[in-house]
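The values are calculated or read from the model by the stated rules, or taken from the named source; none is laboratory data. None of these values were measured; they are calculated from a predicted model. For neighbour counting, all protein chains shown are included, and Cβ atoms are generated from backbone atoms with ideal geometry for every residue, glycine included.
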């Protein structure tokens with residue numbers, strides 16, 4: 001799961017995937033309905049990879065929180081607990097037991113669960129076991145490719161023409177012919 005190009009734009013519901021940058025902002029595609037939106041530089045935009053959740057000991061990156069929700073739900077949808085503040089905080093306490101209850105609000109938990117469900121619906125949530133298996137198989141493939149790769153030969157460089165004193169030779173400059181006007 002990579003959150004590097006996933007955005008949350010204030011004033012717009014849902015999450016967006018960054019498609020391209022422009023001179024005046026960028027173009028993003030909604031993960032909810034697939035519509036493309038142009039966003040100016042004055043808009044308040046947050047990258048999900050830069051967001052973290054307060055705990056009593058340190059700040060926990062959002063990636064790890066979403067991974068904990070995925071492990072709790074076995075990769076399925078998180079429950080939608082819209083209006084029940086106590087249920088939201090109790091559920092989040094099961095996912096992240098040491099979250100700071102003074103600085104993390106129920107609205108924050110609701111937003112995180114909503115983001116998780118959007119990412120899960122788009123297939124961007126991967127369980128930790130699947131991630132570990134994928135990393136192990138790619139490491140094995142890379143190791144085999146390194147063994148099979150032939151060593152590269154160093155390239156030969158061209159020597160510059162030098163004089164007896166060791167300085168490079170310079171070509172003489174050409175003189176231009178002057179154009180003359182002809183009378184008819």
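Only one of the listed residues (7, 3) is outside the structural domain of residue 96 (by TED's automatic domain parsing), touching a strand residue (DSSP E or B) at 6+ places or on another chain (Cβ under 6 Å) and either under 20 Å from residue 120 (Cβ atoms) or surrounded by 13 or more Cβ atoms within 10 Å (Cβ to Cβ) (or both). That residue is 7. Count of segment 10-31 residues, restricted to those that are out of contact with any helix residue (DSSP H, G or I) (no Cβ under 7 Å at 6 or more places or on another chain), in a loop (DSSP other than H, G, I, E, B) and either surrounded by 10 or more Cβ atoms within 10 Å (Cβ to Cβ) or touching a residue at least 60 places away in the same chain (Cβ under 8 Å) (or both), is 4.
Every condition in (1) free of Cβ contacts under 8 Å to residues at least 24 places away in the same chain; (2) loosely packed, with under 14 Cβ neighbours inside 10 Å; (3) closer than 21 Å to residue 122 by Cβ is met by residue 79 except one, and the failing one is (1). Scanning segment 96-110 for residues that are surrounded by 13 or more Cβ atoms within 10 Å (Cβ to Cβ) and within 22 Å of residue 14 (Cα to Cα) turns up 104, 105, 106, 108, 109, 110.
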